[in-house]
Amino acid sequence: MSDFLSIKRELPELGIGLGLRRELAEQTLASTASIDWLEIVPENYMGLGGRARARLEAARSDFPIVTHGVNLSIGSTDALSEDYLRDLKELLNYVDAPWWSDHFCFTSQGGAYMHDLLPVPLNMEGARHMARRARQAQTFVGRPMLLENISYYMQMPGSDLEEADFLSEVLERADIGLLLDVNNVYVNAINHNFDPYRYLDKLPLERTVQIHIAGHSHGPEMIIDTHGAPVIEPVFELLEYVLRRTSVKAIMLERDQNYPEFSEIIAELDQIRTIAGASNPLALRGKSA
């Protein structure tokens, strides 16, 4: 058994959570009976004071918090930023996060920040490169690290592996955890014409610590991962499929735009909780379970 799988067994079971978004912060922080934990984008809080820090302090007093970053750029050939990792480590220590996460992607190249989560070439050289950097980042930060499968809208030149095989190589070589986004699996399966269940079967699902679930939108030629719509039934079915096959520590609903009435968000959280309880009652047990 890998060291990470031993670590996973000892991680806390957080339950059903929501992202802490400025537009919904007041209602979110008042919903301790319905929301077990919160996820933050660390770049919004690293080294900051004022309202952002006050919001984080209020959240920290009532909820467990984990971070989900966008600037690590683990797939880039630029050197990992020690300044970024140092600020991230300070924030993680402040909120006492049980784990932290970022994405299987790159967001910078040649020192230029791209403002997007960009796919990497899916090949063994890239997998070895990303795994080496992931090990370095996890060692520097000193807390369990997860990477998330992204949605992507083109195949990168130089790819000769299936995505699930590439992710598996990175996870196992780096001995890190998986943040599985089931909506991204669905979006990519539709856009790139593959079977999402076969994809899930090829992943080392036992490494899944956290799950993201979200809605998406339809564009003229493909569907887009927007986090701005209700979760659809096929995505809920993928969630159920995963939970019947492995235990996880946390599930999070992502809603980042086009916000509905907050009661609708709570209703989706309740639906996720029902699925988790029916699929695998021992999969996770948050404070509301």
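Only the coordinates and a few stated rules stand behind these numbers; no lab work does. Every value quoted in this text rests on a predicted model; they were computed, and no experiment measured them. Ideal geometry is used to build each Cβ from the backbone, glycine not excepted, and the neighbour counts take in all protein chains shown.
In table form, for the structure just shown:
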{"read-out": "Pair-distance profile P(r), taking every C-alpha pair of region 183-233, with 5 angstrom steps and integer %", "value": "5, 18, 26, 25, 17, 7, 2, 0"}
{"read-out": "Region 207-262: proportion of alpha-carbon pairs further apart than 19 angstrom, %", "value": "37 percent"}
{"read-out": "Dipole magnitude of region 3-279, debye to nearest 20 (Cβ charges: Lys/Arg +1, Asp/Glu -1, about Cα centre)", "value": "660 debye"}
{"read-out": "Inter-label distance, nm, simple model (7 Å from Cα along the C-beta direction), Thr139/Gln155", "value": "3.6 nm"}
{"read-out": "Neighbour-count ranking [beta-carbon atoms within 10 angstrom, fewest first] of His218, His212", "value": "His218, His212"}
{"read-out": "Dipole magnitude of region 6-161, debye to nearest 20 (Cβ charges: Lys/Arg +1, Asp/Glu -1, about Cα centre)", "value": "220 debye"}
{"read-out": "Extension reserve of the Ala267-Arg53 stretch, reckoned as 0.36 nm per residue once the Cα distance is removed", "value": "74.2 nm"}
{"read-out": "Positive-pole candidate from Trp37, Ser168, Leu18, dipole of the chain, charges at beta carbon", "value": "Trp37"}
{"read-out": "Within region 198-278: Cβ-based charge dipole about Cα centre, in debye rounded to nearest 20 (Lys, Arg +1; Asp, Glu -1)", "value": "500 debye"}
{"read-out": "Fraction of antiparallel bridges per DSSP, region 3-279 only, in percent to nearest 5", "value": "15 percent"}
{"read-out": "Where GluC sites (Glu not before Pro) fall in DSSP loop in region 172-260, at most 10 other Cβ within 10 Å", "value": "Glu221"}
{"read-out": "Cβ-based net charge around Gly17, under 9 Å, with every Lys or Arg adding one and every Asp or Glu removing one", "value": "-2"}
{"read-out": "Cut-off 15 Å between beta-carbons: net charge of the residues surrounding Arg86, Lys and Arg +1, Asp and Glu -1", "value": "-3"}
{"read-out": "Charge-dipole axis of the chain as Lys and Arg at +1 and Asp and Glu at -1 on Cβ define it, positive-most pick from Val209, Ala278, Asn123", "value": "Val209"}
{"read-out": "Cα lying deepest toward the dipole's positive end in region 3-279, options Leu91, Ala250, Ile224, charges on Cβ", "value": "Leu91"}
{"read-out": "Contact order relative to length of region 27-168, as percent, for alpha carbon pairs under 8 angstrom and 6 or more apart", "value": "23 percent"}
